[in-house]
Amino acid sequence: MSAQISKPGGFLGALLGLLGLSVLAGLLVTAMVAPALAVTGAAAKSGIDLFENLPDYIELDAQSQKNTILAYQGGQPVEIAEVFYQNREEISWDEVSQFAKDALVAGEDRRFYEHGGVDMASIIRAAVGNAAAGETTSGASTLTMQLVKNILVMEALNEPTEAKRKEALAKATESSFDRKIKEAKYAIGLEKRYTKDEILLGYLNIAGFGGNTYGIQSAAQEYFSVNASDLTLAQSASLIAIVQTPSYRSLKTPDNYERNQQRRDLILNNMLDLGYVDAAQHAEAIATPITVVASPPQSGCLYATAGQFFCDYVTWLVPELESLGATEDERRANWKKGGYTLQTTLDLDIQAVTQDRVSAEAPATETRFELGAAASSVEAGTGRILAMAQNKIYNSADDTDPATTAVNYNTDRDYGGSSGFQVGSTYKIFTLAEWLKNDHGLNETVDGRVKTYDQSTFQASCTSFAGAGPWKVPNFGGAAGSASTTVMRATTASINSAYAAMAHKLDQCAIRDTALSLGVHRANNGELQANPAAILGTNEIAPLSMAAALAAIANNGTYCAPIAVEKITNAAGEELPGQAVECQQALTPEVAAGVAHALTAVVHGSGGTGNPANPRDGTEIAGKTGTTDAARHTWMVGTSTKASLAVWVGNIVGDANLSRYRLPNGNANDARYKIFRTVMQAIDAKYPAQDFPQPPRNLLSGQAATVPDVTGQSPEQARALLESLGFVATNGATVASTLPAGRVAATNPGAGAQISRGSTVSMTISDGSLDKTMPELAGTKRDAAQALLASNGFTGAVTINYVLTPDPAAMCMVVSSDPPAGTPMSSASPLTLNVNSNKVGEAPPEDSC
């Protein structure tokens, strides 16, 4: 330190201060605070008792600092946000300009290097002055005592409740004899425990410089856009001018500039008197006008350079970050104190593409309905969140601008305020997984016809659907469905009625539990529903949860909970663990391969509902679409073997049918595909993936069996055979047939079909009515043909239709019949003979017949 004066200080000064103040506390401080009162022996004794009963010292701890949030860009850490409760950055002795150190001593405590924490000469001078004036006009607080006061104020501000903060702050700042005694005692303790330089640096790091700005480094950056090490003489004096009365002399407003300059110039004069600067330096600084080059502090996710909603999600995770403390309250308190650097998992390269596409395909400014869109990407095998974007602009205040929101649509209510959205047919993934877990196969067929189910007939080990009433399962576009639909086809085309038939063979609670094992849960913390309709996606789920579930399928059935914080560095530079990677086997690798096999057909197969989202970049994608009733919510979820992506586009609130609205780039119903396709291309380029493993044969065929040919058998015989193969046989309609009445005419599914055991085979029964076969009559004369019909037992009416022929030899000859020759028919059925004639519609001469 330049021109440092080394006179009795340190321990000797502290000892003298302690002894002197112990004797004078009751007398002198009482005189300072209450000069008009007579000083009694009782008052002096009270001051001495208070002084001696205080703790010996106060800790010069680190103060509240900024927290920094980092992401990755090009594989390198990049800062995206600062989050702080006090705008402070603690720095070392060598990082502070010598001008600022000298200005502080010159402005606040000229005898700093002479006293031991309490300046007796100043106390006596202040006491005499106050007594003479009849009021308190001089405080006599040393720089060390001011530091004590600042420490107590900071401790007050860190109290956990508003009531405690107010109480502690009042005690730390009250104008009282007790406070002065406390500051004096603590100041002496500080001088005994710390060097003068440590005390001076502590002051520079803790002092308030106006508003929420604390510490010389943050003040230098905010007011002059420089580091504290680069402060000029004039700037240093101007900053120190603030500390006595920040609201009166801070540089936040030009209204304070004149007052700041007056105090600054006084400090500069003191620096000249003390020999800290020479005349030329002094003159130059005095002549320098107050010139602010402002860099206002930008705290919080509102000012994040990217991933604002992801940043917000990270702040919600603070109570769960075990490296910040042993309890949630301790973690919050330590985060508030700050000094942490959080390295997150966010990949800014992927984030930029995701945000760009979401914003372009679902404009935040849409006014016809409340359009929302969100997309989350999760790395398979780790749970690392790679991207999190949505269409609305982040606003922590959640103002009335419809283009902004404070709600994070990607996450659960506890992590951003959203209650999630119905996921539609993407939830079929979990029915499919449970189907395969029960040894069924993708090539098994189910009755995919639209029907009304009695809900009480659905299996549910955890509940009962008795009295739930009928449930008619609709298909998209009103399609009727097929009586024989393979599970593969049902998945590719997303056929609701077929999935209802699959679910009817499964335990509804087991389907729910499979979803839970893959991390799927309701975003509002409610219980995941297990009723039959839930298989079509009635639960409200967050996109991040769906992305994590798809990543588990890519990871051979191992689910890894999403993580956002990779590691933490504290203020001391120590590296601490971030969120632990927590993984569990949810599906066997074989079942996961089976699910992925079906889902790849959704994206890559002909007629797959996810085909519009196919990135067509050579990477195999397993995906599923979802559209809720009336296209209120639309989804596209999918994954490569490296990373997943879940995209939601829908109504934030309301019931607008997206298929009826056109957005700038096309129909709103298609926005999900465009977002998914472009973002997945970026993911595939940065995270090259392999093809999914092939499922074992048994998960293709499953429990399938071949429907036998029971045509011509009695219903009893056919039933016995079908049931022996594991099918459920039912009698269907009676149909006209050439078979004898009462015999099985056909089955549905037909003979040779591969369907799962337990499936229903419906038998149609012959009524025996097709007991005749239309004979071949072409080339036969009319009368001979009629005679042949009669002789063969045909009793139905015969209609003659005369057609023109130019050939006399062919006159009255049968050309054809309706029904045609060989057609099975009833003997009583009417028929038509087409006969040649020389006139259309008239019989030929009788002699020609």
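Brief remarks on what is shown
- Test: residue in region 476-485 that is among the hydroxyl-bearing types (Ser, Thr, Tyr), farther than 30 Å from Asn524 by Cβ, touching a strand residue (DSSP E or B) at 6+ places or on another chain (Cβ under 7 Å) and in a loop (DSSP other than H, G, I, E, B): yes
- Qualifying helices (runs of 4 or more DSSP H) (wholly inside region 95-188; at least 1 residues being modelled with pLDDT under 90 and surrounded by fewer than 23 Cβ atoms within 10 Å (Cβ to Cβ)): 120-133, 143-157, 162-173
- Residue within region 237-246 that is surrounded by fewer than 18 Cβ atoms within 10 Å (Cβ to Cβ) and in a helix (DSSP H, G or I) present: no
- Some residue of region 320-327 being open to solvent by 10 Å² or more (accessible area, probe 1.4 Å), on the phi < 0 side of the Ramachandran plot, in contact with a Pro (Cβ under 6 Å, 6 or more places away or on another chain) and modelled with pLDDT of 95 or more: yes
- Arg743 being open to solvent by 30 Å² or more (accessible area, probe 1.4 Å), farther than 30 Å from Asn698 by Cβ and not hydrophobic (A, V, I, L, M, F, W, C): yes
- Residue within region 544-553 that is among the hydrophobic types (A, V, I, L, M, F, W, C), more than 18 Å from the chain's Cα centre (by Cα) and open to solvent by 30 Å² or more (accessible area, probe 1.4 Å) present: no
- Only listed residue being surrounded by fewer than 22 Cβ atoms within 10 Å (Cβ to Cβ), among the hydrophobic types (A, V, I, L, M, F, W, C) and out of contact with any Asp or Glu (no Cβ under 8 Å at 6 or more places or on another chain), chosen from Ala360, Ala294, Ala304: Ala360
- Unique match (being of a type in the set (S, T, N, Q) and either free of Cβ contacts under 8 Å to residues at least 40 places away in the same chain or at positive phi (or both)) among Thr823, Thr799: Thr799
- Pair list, Cβ under 7 Å, 6 or more apart: region 765-781 residue under 10 Å from Gly822 (Cα atoms) and outside any strand (DSSP E or B), other residue of a type in the set (Gly, Ala, Ser) and open to solvent by less than 30 Å² (accessible area, probe 1.4 Å): Met774/Ser817
- When each of Ala326, Ala333, Ala283 is tested for being more than 18 Å from the chain's Cα centre (by Cα), of a type outside the set (Asp, Glu), more than 23 Å from Ala387 (Cβ to Cβ) and in a loop (DSSP other than H, G, I, E, B), the lone residue that passes is Ala326.
- All told, Gln786 falls short of being within 30 Å of Arg719 (Cβ to Cβ) and open to solvent by 40 Å² or more (accessible area, probe 1.4 Å).
- Which listed residue, of Ala598, Ala564, Ala656, is surrounded by fewer than 22 Cβ atoms within 10 Å (Cβ to Cβ), of a type in the set (Gly, Ala, Ser) and at negative phi: Ala656
- Enumerated strands (runs of 3 or more DSSP E) restricted to region 529-619, each holding at least 2 residues that are in contact (Cβ under 8 Å) with a residue 24 or more places away in the chain and among the hydroxyl-bearing types (Ser, Thr, Tyr): 558-560
- Of the strands (runs of 3 or more DSSP E) lying entirely inside region 673-752, those containing at least 2 residues that are within 17 Å of Glu444 (Cβ to Cβ) are 704-706, 744-748.
- Within region 346-393, tally of residues that are assigned to a strand (DSSP E or B) and among the polar types (S, T, N, Q): 3
- Residues located in region 394-421, provided they are touching a residue at least 60 places away in the same chain (Cβ under 8 Å), open to solvent by 60 Å² or more (accessible area, probe 1.4 Å) and not basic (Lys, Arg): Ser396, Asp414
- Those residues of region 260-278 which are open to solvent by less than 70 Å² (accessible area, probe 1.4 Å) and assigned to a helix (DSSP H, G or I), in sequence order: Asn260, Gln261, Arg263, Arg264, Asp265, Ile267, Leu268, Asn269, Asn270, Met271, Leu272
The values are calculated or read from the model by the stated rules, or taken from the named source; none is laboratory data. No experiment lies behind these values; they were computed from the predicted model shown. We place every Cβ from the backbone using ideal geometry, glycine too, and count neighbours over all the protein chains shown. All accessible areas refer to the heavy atoms of the entire protein, side chains included, with ligands and DNA or RNA removed. Shrake-Rupley method; radii C 1.70, N 1.55, O 1.52, S 1.80 Å.
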